[in-house]
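Notes follow once the structure below has been shown.
Read-outs throughout are calculated quantities, based only on the coordinates presented, and are distinct from any laboratory measurement. Because the structure is predicted, anything quoted here is derived from the model rather than measured. Here the Cβ positions follow ideal geometry from the backbone for every residue, glycine too, while neighbour counts run over all protein chains shown.
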Amino acid sequence: MGETTRGRGVPIPEHIADQLRGRNFSSFRKFREALWAAIANDPDLQKQFTGQNKLEMSQGRAPYARAEDQAGDNKKFEVHHPHEIAHGGAVYDIDNMLIMTPRRHIEHHQRKANEN
């Protein structure tokens, strides 16, 4: 997913977001499964991933981040809500989601905790 996921994160691609908008999900887990499966089915996006990660996504699971972008047991890309749910951000608002590496996601939340 490139360098962008190492920084502030990367938005869900618009054409993928359009496939998910308006659908109802029984849980955020089901939403994530649909997200990763949609990315796996996109010929242009799947070029960015290894064979193992393509398999993971086709089964609705997040792809693995590179070893240097993992953090302890957190090895897979994560969905982050910039407008935090605890502060009124909508869980299923796809425009309020970024994909981040596990390391960056943890660093972001640690920094936010230290600011408070």
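If Lys and Arg each add +1 and Asp and Glu each add -1, what is the summed charge of the other residues whose beta carbon sits under 13 Å from the beta carbon of Phe25?
Result for the neighbourhood of Phe25: +3.
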Remind me, relative contact order of the stretch 8-115 in percent, using alpha carbon pairs under 8 angstrom and six or more residues apart? 28
Determine, for the chain, the count of lysine pairs separated by eight or more sequence positions (or lying on different chains) whose alpha-carbon distance falls under 22 Å. 9
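As a check on your grasp of the helix formula, calculate [θ] at 222 nm for the chain: sum -39500 (n - 2.57) over DSSP H runs of n ≥ 4, divide by the residue count, round to the nearest 500.
-11500 deg cm²/dmol
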Quick shape check on the chain: root eigenvalues a ≥ b ≥ c of the Cα gyration tensor, a/c under 1.5 is rounded, otherwise prolate if a/b tops b/c, else oblate, and it reads oblate
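What does the net charge come to around Trp36 if you take all other residues with beta carbon closer than 9 Å to its beta carbon, with K and R at +1 and D and E at -1?
Details: positive: Arg32, Arg61; negative: Glu33, Glu56.
After counting each charged neighbour, the total is 0.
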